[in-house]
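> My questions all concern the structure below.
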Ligand SMILES: Cc1ncc(COP(=O)(O)O)c(C=O)c1O
């Protein structure tokens with residue numbers, strides 16, 4: 001008989017055991033099979049993941065087809081062409097560029113490269129949840145500083161962020177624009193922390209929809225690292241390509257914890273094709289920004305919903321309806337095959353029910369608005 005071994009509980013890292021798997025709550029609520037079915041079903045209008053509904057450039061699809069015959073080979077471990085192309089796009093030098101399998105993988109590499117158990121990372125809440133999970137996986141402590149809120153919307157509480165800094169702070173994370181509130185980072189906010197001896201991570205996943213970047217700051221500030229992605233503006237979420245812009249010594253240091261071959265051959269070719277077809281990218285970005293403004297104005301007309309202005313490809317909406325909660329609205333929309341993302345109770349959003357809606361095509365947005373009107377009245 002085979003001997004069975006039970007690993008003692010102290011064998012496991014407590015801070016890993018205390019975290020959750022990504023989407024664990026959703027899997028528990030709906031079941032893995034149903035979630036997967038909905039995820040893959042082309043009939044659903046997916047306004048929950050801030051994806052680009054216009055899809056990639058036809059030149060990207062062609063490049064993937066051409067590269068498919070070479071997948072027996074390992075990808076180039078140095079990706080020189082792709083790095084040079086990204087550097088040109090970001091107006092920096094190739095040595096400022098670090099590639100990742102999605103910007104999430106870069107964020108993970110940064111925390112693994114810098115955090116020791118007990119270190120803390122400061123973020124403005126509400127924020128993008130995977131940051132909080134990855135900090136915890138490294139034994140770090142996320143210090144979530146609630147955003148300030150007034151009639152006009154949200155703003156970062158820089159006073160409290162500065163107060164939260166201590167000798168165990170390794171990084172301050174800003175999202176420019178923020179997910180889910182959609183607010184850009186201002187130069188004044190950034191300048192308040194630039195001289196602190198910690199990493200300043202600026203996630204610019206949605207930069208192309210707001211047009212404002214802090215990439216030039218890496219030149220004179222060795223502690224600044226800007227993270228971007230081709231998942232959003234370039235519609236490559238399924239292929240996973242992200243990049244960071246930073247001082248060459250930071251690029252070198254973080255890259256040491258990354259796996260070789262993390263960017264696949266298909267991804268590298270697709271990304272090059274996407275960046276070589278800027279006409280297509282600019283056209284889709286323009287459409288998304290125009291649709292965002294139309295969607296905002298349509299949402300503002302519905303009683304019981306309060307949308308917040310956004311510089312990204314999504315809109316955060318507070319549900320103030322007396323009869324329908326944010327959860328109820330999300331589940332009624334799901335019944336109509338429209339998926340949005342609930343944010344009720346998220347850190348920094350404790351004052352009521354919220355949903356976040358990604359900007360779709362005109363047709364998708366029209367369907368969403370008429371579904372909302374039929375649920376909430378007025379249509
Ligand atoms: C702020 C932010 N950063 C990063 C990501 C993930 O990007 P990627 O697909 O490059 O991993 C997202 C995705 O929604 C995001 O909202």
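> Can you tell me which residue among 328, 323 is assigned to a loop (DSSP other than H, G, I, E, B) and over 18 Å from the mean Cα position of the chain (by Cα)?
Checking each option against the conditions leaves just 323.
> Would a scan of the stretch 115-124 turn up a residue that is away from the ligand (no atom under 16 Å from the Cβ), closer than 30 Å to residue 249 by Cβ, surrounded by 11 or more Cβ atoms within 10 Å (Cβ to Cβ) and without any contact (Cβ under 8 Å) to a residue 40 or more places away in the chain?
No - not one qualifying residue is present in the stretch 115-124.
> Being surrounded by 12 or more Cβ atoms within 10 Å (Cβ to Cβ) and assigned to a loop (DSSP other than H, G, I, E, B) is the filter here; which residues of the stretch 56-69 pass it?
The answer is 56, 57.
> Name the residue that is nearest to the chain's Cα centre (by Cα), counting only residues in the stretch 235-257 that are within 14 Å of the ligand (Cβ to nearest atom) and assigned to a loop (DSSP other than H, G, I, E, B).
Taking the candidates together, the pick is 237.
Residues are listed down the side, and each one gets a yes or a no for (1) touching a helix residue (DSSP H, G or I) at 6+ places or on another chain (Cβ under 8 Å); (2) farther than 27 Å from residue 281 by Cα; (3) crowded, with 24+ Cβ neighbours inside 10 Å:
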{"site": "162", "(1), (2), (3)": "no, yes, no"}
{"site": "169", "(1), (2), (3)": "no, yes, no"}
{"site": "172", "(1), (2), (3)": "yes, yes, yes"}
{"site": "184", "(1), (2), (3)": "yes, no, no"}
{"site": "202", "(1), (2), (3)": "yes, no, yes"}
{"site": "214", "(1), (2), (3)": "yes, no, no"}
{"site": "222", "(1), (2), (3)": "yes, yes, no"}
{"site": "234", "(1), (2), (3)": "yes, no, yes"}
{"site": "252", "(1), (2), (3)": "no, yes, no"}
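> If I ask for residues that are within 26 Å of the chain's Cα centre (by Cα) and modelled with pLDDT under 95, which ones from the stretch 350-379 would you list?
350, 351, 352 - these are the residues of the stretch 350-379 that are within 26 Å of the chain's Cα centre (by Cα) and modelled with pLDDT under 95.
> Looking at the stretch 25-45, is at least one residue within 16 Å of the ligand (Cβ to nearest atom) and either surrounded by 16 or more Cβ atoms within 10 Å (Cβ to Cβ) or under 30 Å from residue 224 (Cα atoms) (or both)?
No: zero hits.
The values are calculated or read from the model by the stated rules, or taken from the named source; none is laboratory data. Just so we're clear, the structure is a prediction, and the values are computed from it rather than from any experiment. With ideal geometry, Cβ positions are generated from the backbone for all residues, glycine too; neighbour counts draw on all protein chains shown.
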